[in-house]
1. Order LYS195, LYS218, most accessible first, counting only protein heavy atoms with a 1.4 angstrom probe.
2. Let me cross-check ARG165: its accessible surface, 1.4 Å probe, with only protein heavy atoms counted, in Å² to the nearest 10?
3. With all protein chains present, calculate the accessible area of LYS190 using a 1.4 Å probe and round the result to the nearest 10 Å².
4. With a 1.4 Å probe and all protein chains in place, put ILE49, ILE174, ILE44 in order of accessible area, largest first.
5. Cross-link candidates for LYS218: which aspartates and glutamates have Cα within less than 18 Å, leaving aside residues fewer than 8 places away along the same chain?
6. Straight-line reach from LYS195: which aspartates and glutamates have a Cα under 19 Å away, not including same-chain ones fewer than 8 places off?
7. With contacts defined as alpha carbon pairs under 8 Å and 6 or more residues apart, what's the relative contact order of the stretch 165-230 in percent?
Amino acid sequence: MVGIAIGLLTIATALGALMISHSLTGTVNEVSHLQQQASYAFRIIGQQIRQAGGRFLKPAQSATEFAEFKYSIELKDIQPISGNDDPEANDFTLSIAYQNSADKSYPLQNGNPVERPLLRNCLGENPGINNSPALLSQFRLTDNQLICSGNGNSQSIISGVSDLRVTYLVQSRIGNTQYFQHLSAEDVTKSDLWKNVYAIEVCLELVGSQSIDTAGTKYTRCDGTTASRDNRLRMVFKNNFYINNHSWNTAS
């Protein structure tokens, strides 16, 4: 009986250690997965934001000419940056647009490089300049999926997203003094300051799928409020992306 008791105690201890090890391994794997998800989403979003308002630069043909931005009349009614804090079903939290263009590239055709569109929207698409004078990338949160909509198509980029918040860094002026402030999409729209947006802060809140003991701990959400982790791994990621182009509505 003593031997059986000792054996059962040994087995119970081993099973307990195994369960703890399995739980820790699952948590570490989930942390790594959420970090990879956020990194991938930021890479796509950041690439599009940096190109917002971009126009094709027509290169100089000789040393006596100047390079110039190629103006497209089709762009005059398209806003490079727009957003909605509380989008409806057919609206988007963030919309980015920039001029589509073609560049000489390889492989050669008849001994010469061929002009092909090299830019891509958030889905890796380019329908062609004739079909889309501007490339469009729009982002929203639907059923815990971060959705990207390009020039007509939509698909999920990452899953497990419980919140998406976008804030805009705007340059303003009082007299001769310039200053920067962080504004919501509603405030930017009310003040008609979309052309003054210099950077965009994107915040993603991701939630894991495994049930873990969070012991009543709390965390700070994207909106600044404090909430319970509710026995789930919840991680908040923020990143700022600066806009490289501010010449959208300037005809050359």
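The values are calculated or read from the model by the stated rules, or taken from the named source; none is laboratory data. Since the structure is predicted, the reported quantities are computational estimates derived from the model, not experimental observations. The accessibility values were calculated without ligands, DNA or RNA, using every heavy atom of the protein model including side chains. Shrake-Rupley method; radii C 1.70, N 1.55, O 1.52, S 1.80 Å.
1. On the way: LYS195 155, LYS218 130 Å².
Highest to lowest solvent-accessible surface, that is LYS195, LYS218.
2. So the heavy atoms of ARG165 present about 100 Å² to solvent.
3. We get 150 Å² for LYS190.
4. On the way: ILE49 0, ILE174 115, ILE44 20 Å².
Largest accessible area first, the residues go ILE174, ILE44, ILE49.
5. Candidates past the 8-residue exclusion: ASP163, GLU205, ASP230.
6. GLU74, ASP77, ASP85, GLU186, ASP187
7. Numbers: 82 pairs, mean separation 19.8, N = 66.
For the stretch 165-230, the relative contact order is 30 percent.
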